[in-house]
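Below is one structure; the comments refer to it alone.
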Amino acid sequence: MKFANKKVFQSFKSRKFKYGSYATLMTLIVIAVLIVVNLVVDMIPVRIDLTWNKLYSLSEQTYKVLDNLEDEIWIYYIGEEGNTNPAVEEIVQRYASYSSLISTGYMDPVRDPITAQKYIKDGDQLSAGSLIVECGDVYRVITQYDMYNFVQTASGLQVESMAVEQRLTSAIMFVSGASMPVAYQLEGHGEAPLDAATARQMELENFHMESLNLIGLDKVPEDADLLIINGPERDLSEEEADVLKAYLENKGRAIFLMNLRLEDMANFQSVFRTYGFQLSNSLVIEGEQGNYVVGNPLYLIPQINDHEIVAPIKNQGIPVIIPGAQAIEVQDTVRNTLTIQPLLTTSEKAYARSTDSEETSLEKQEDDESGSFVLAAAIEDNIYNYAANETYMTRIVVIGSSQFLNTGWESSTDLFMNSLNWIFEREDSISIRPKSLGVQPLNVTSTQLRIYAALSLIVIPLGCMILGLVTWLRRRNL
């Protein structure tokens, strides 16, 4: 018995026991450190967005808006406390964390119908999952459907992107008293009304819409911040063209969405030539496979150039589809006050066919004009007015088709809204665009594939074998 006890006692002094005790102690220390670190990190308010498209991060424009706040703003979740969308709650909390003037709360229409009645207009109801942004007596309701952009697919509507920041920042600007630009939509020439989704987007981005018929007017209304001309089917009269020219010369802003027509619109063209461009009255056909929708070279997928209007679209890698487009011809010589920048262009293999052609084949014909062609352009004119002692700046965006708004693509609305914000000099608003919820593909080159294969099949297994062998040899000698 004494011999056995002595042997046990001596085992505590062995090198094997010492190394084992040391390893156990280090393991316990590491576990304790990890627990402490996790507890400390959980108490730190700093949050890092590791999503590929910064889904939960706020833009610089939002930070500027929050920095300029003067009054307290409340953001209410509609529904029971703790029953909110985690993604929406994460974004809202980033607003509250950044600004002490942003407060959050809950409002349950079921438990407090009297308070909820204040926010119900025109028979609408407050649905769970919505948000209310309020400052004093001014408020805006953001429904859960407004927080997402949808796309029509064969199986029905699917969520394409998240627009929570876009809606929240716009609502904060609205309730805090930011100015709402007045956009007049021209009518009287067969212009198409803007589709409901685009009109709703304008409302959410604080544009006030009005209709305008120039017949009998000697000038555009004074409160017009910009004009929208959407797919006119008939030409302006000479008097209307003169009124439009006078408006543009006096720091005017306009966006022209011009569909291809069989007849030349001489008075529209007269306005356009004043600013260094004209419409080609020719149908653009794309000859480069990959630059048009499969099977239809009339549905163009143009190349996106460098400009603040299209930069967010280009950075996200989202294609723009322009159906049935006509080319925009930039004059060879323009006055030095003009800056004309192409936004969308075709490939060099594109060709344009005149409207008086009787050819029905989409194959390139001898009389067709070869590309590349400009499909959309941004024009800026800066003229010094001696009488007013200031520079008058005119901004125009022209797109050779209005049908792109009806394609159902998210980039279509982005192109239109970015154009309006640039025209109105709200370039910062261009940066607040919806965040895609699509899966970002991992593009792996053949070289990278070989490297990854070598690492996973050779280097890592070989390293593990060597490490295991060294460990076994060391422990064998203990």
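Some notes on this structure:
- Meets criteria (surrounded by 12 or more Cβ atoms within 10 Å (Cβ to Cβ), touching a Lys or Arg at 6+ places or on another chain (Cβ under 9 Å) and at pLDDT 85 or above) for MET107: no
- Those residues of region 219-252 which are out of contact with any strand residue (DSSP E or B) (no Cβ under 9 Å at 6 or more places or on another chain) and surrounded by fewer than 20 Cβ atoms within 10 Å (Cβ to Cβ), in sequence order: LYS219, GLU222, GLU233, ARG234, ASP235, SER237, GLU238, GLU239, ASP242, VAL243, LYS245, ALA246
- Output for region 72-131, where each listed residue is among the aromatic types (Phe, Trp, Tyr) and either outside the structural domain of ILE172 (by TED's automatic domain parsing) or more than 24 Å from the chain's Cα centre (by Cα) (or both): TRP74, TYR76, TYR77, TYR106, TYR119
- Residue check, ALA327 surrounded by 15 or more Cβ atoms within 10 Å (Cβ to Cβ) and under 18 Å from GLU286 (Cβ atoms): yes
The values are calculated or read from the model by the stated rules, or taken from the named source; none is laboratory data. These figures come from a predicted structure and were not determined experimentally. So basically every Cβ, Gly included, is an ideal-geometry build from the backbone, and we count neighbours across all protein chains shown.
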